[in-house]
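Nothing in this text is a laboratory measurement; each read-out follows from the coordinates by a stated rule. In this text the structure is predicted, and so the values were computed from the model without any measurement. Note that each Cβ is placed from the backbone with ideal geometry, even for glycine, and that neighbours are counted across all protein chains shown.
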Amino acid sequence: MNPLSTPIDLVQPARLLFGRGVAAEAGRWLAGRGVRRPMVVTDAFNAARVGGLELPGEPVVWSDLAGEPTTGDLARVVAAAEASEIDAVVGFGGGSAMDLAKLVAVLAGSGQPFAEVVGAEKVARKGLPLVQVPTTAGTGSEVGTRALVTDVAATAKSAVQSLHMLADLAAVDPDLALGMPRAITVATGVDALAHCVEAYTNRKAHPLIDLYALEGIRLVGRWLARAADDGGDPDARAGMALASLYGGYCLGPVNTAGGHAVSYPLGARYHVAHGAANALIFPHVLAFNAPAVPERTAAILEALGLPVSDDPETVFAAARDWCLRLGCEMRLSAFNVPEADLPAMAREAHAIRRLLDNNPRDLGEADILAIYRAAF
């Protein structure tokens with residue numbers, strides 16, 4: 001089938017605001033709908049900035065989030081939402097806060113346990129209005145319908161996908177990322193890049209999404225280093241906020257592929273930040289896939305401002321050097337990952353078929369193990 005005629009389903013929030021200062025519109029939007037007790041799902045740092053949202057009534061701020069969300073975090077926040085009798089949910093932070101906010105909006109008071117909604121379109125209904133306000137530029141979760149939660153007992157990430165988790169309003173205010181530390185800027189920025197790259201090289205790649213993916217890669221190539229070098233540069237923050245948003249558009253109808261699958265065990269097992277794990281894996285999977293998608297690999301390098309090539313060794317060297325210049329840690333051993341655990345990690349990554357089946361080149365368990373060993 002001609003890619004131009006391949007069916008695709010692209011859903012977006014009913015209303016999206018983008019630009020400096022739009023965060024305050026979140027409160028005005030909620031007030032206009034009679035909301036009097038919104039819950040803000042956030043972290044300790046952003047809890048101090050909730051006032052900038054100008055929320056109506058008596059907001060409930062839940063900020064007991066210290067990293068990527070776990071099943072324990074989810075149980076606590078849903079219990080808090082039910083006890084507080086809230087009438088709306090606001091995700092305020094990075095992807096972790098926004099993913100939890102999605103789940104609160106559909107699970108609080110629903111009677112559905114989390115285990116029952118894992119997978120695609122198993123959520124019964126949306127119980128509460130949902131507003132998403134990102135404070136980093138990485139996940140694009142503000143426009144997505146997926147949420148990831150780490151199952152601590154299984155040391156694996158569980159994904160929920162539902163149209164009921166789509167935000168009613170997304171307010172993308174680049175100023176919220178001003179002053180963000182370099183390490184977080186880089187890690188979240190590479191996450192945005194990975195979303196775009198993995199959608200662009202995906203078996204389900206589509207011309208409608210290619211536009212967002214390639215432009216997102218160009219934006220990262222132009223603005224990420226500048227944002228990392230100067231935390232107070234509003235133009236760089238706006239460029240990265242747009243790159244992240246475009247990456248979010250890529251996730252819905254196409255999704256990620258091998259890079260994310262190979263990076264997931266690093267977060268689930270060793271609590272490596274998602275963006276940092278993606279950066280470490282990025283050059284390896286980009287080079288591995290190059291023989292299957294040579295023209296698209298060359299286009300990615302060109303968009304990043306790197307020498308154009310489809311030779312795997314050259315691709316790897318260029319992508320790795322780019323990550324190193326940003327300050328990314330490119331060795332598994334630096335994250336205290338035991339070398340003896342690499343085979344188990346490879347088995348776990350290889351089982352993530354919802355992503356690996358999207359990869360343009362078959363990525364076997366032995367291939368994944370070879371990537372881990374090369375990155376060690």
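The fewest-to-most ranking of LEU214, LEU280 by surrounding Cβ atoms within 10 Å reads LEU214, LEU280. Applying 0.36 nm per residue to the separation of HIS271 and ARG226 and subtracting their alpha-carbon distance, the gain on full extension is 13.4 nm.
For the chain, DSSP calls about 20 percent of its internal beta bridges antiparallel. Near the amide H of MET39, within less than 5 Å, lie the amide hydrogens of VAL60, ASP87, ALA88, VAL89, VAL90, all on another chain or at least 5 residues away, with H placed in the peptide plane.
Among residues other than LEU16 with Cβ under 13 Å from its Cβ, the summed charge is -3 (Lys and Arg +1, Asp and Glu -1). Other residues within the sphere of radius under 10 Å centred on the Cβ of ALA167, judged by their own Cβ, net out at 0 (K and R +1, D and E -1). By the equivalent-ellipsoid construction on the alpha carbon gyration tensor, segment 3-176 comes out with semi-axes of 23, 20, 16 Å, ordered largest to smallest.
Helical runs assigned H by DSSP (4 residues or longer) give the chain a calculated mean residue ellipticity at 222 nm of -15000 deg cm²/dmol, each run adding -39500 (n - 2.57) before division by the residue total. When each of LEU326, LEU363, LEU4 is scored by the number of other beta-carbon atoms lying within 10 Å, the sequence from fewest to most is LEU4, LEU326, LEU363.
Per residue, the convex hull spanned by the Cα atoms of segment 180-375 measures out at 98 cubic angstrom.
Taking a Cβ cut-off of under 14 Å around GLY248, the surrounding Lys, Arg, Asp and Glu residues balance to a net charge of -3, with basic ones at +1 and acidic ones at -1.
Tell me which trypsin sites (Lys or Arg not before Pro) from segment 244-351 have a DSSP coil assignment and no more than 16 other beta carbons within 10 Å of their own. Passing sites in segment 244-351 are ARG331.
The simple spin-label model puts a point 7 Å past each Cα toward its Cβ; for GLU54 and ARG325 those points are separated by 4.2 nm.
Give the Rg/Rh ratio for segment 191-303, taking Rg as the radius of gyration of the Cα atoms and Rh as the Kirkwood radius, to two decimals.
Using Cα coordinates only, the ratio equals 0.97.
Solvent-free Debye calculation, one equal scatterer per alpha-carbon of the chain: log10 I(q)/I(0) at 0.09 Å⁻¹ equals -0.47.
Using only alpha-carbon positions in segment 176-238, the gyration tensor eigenvalues give semi-axes of 25, 11, 8 Å once each is multiplied by 5 and square-rooted (largest first). Expressed as a whole percent, the proportion of Cα-Cα pairs in segment 77-221 lying more than 22 Å apart is 45%.
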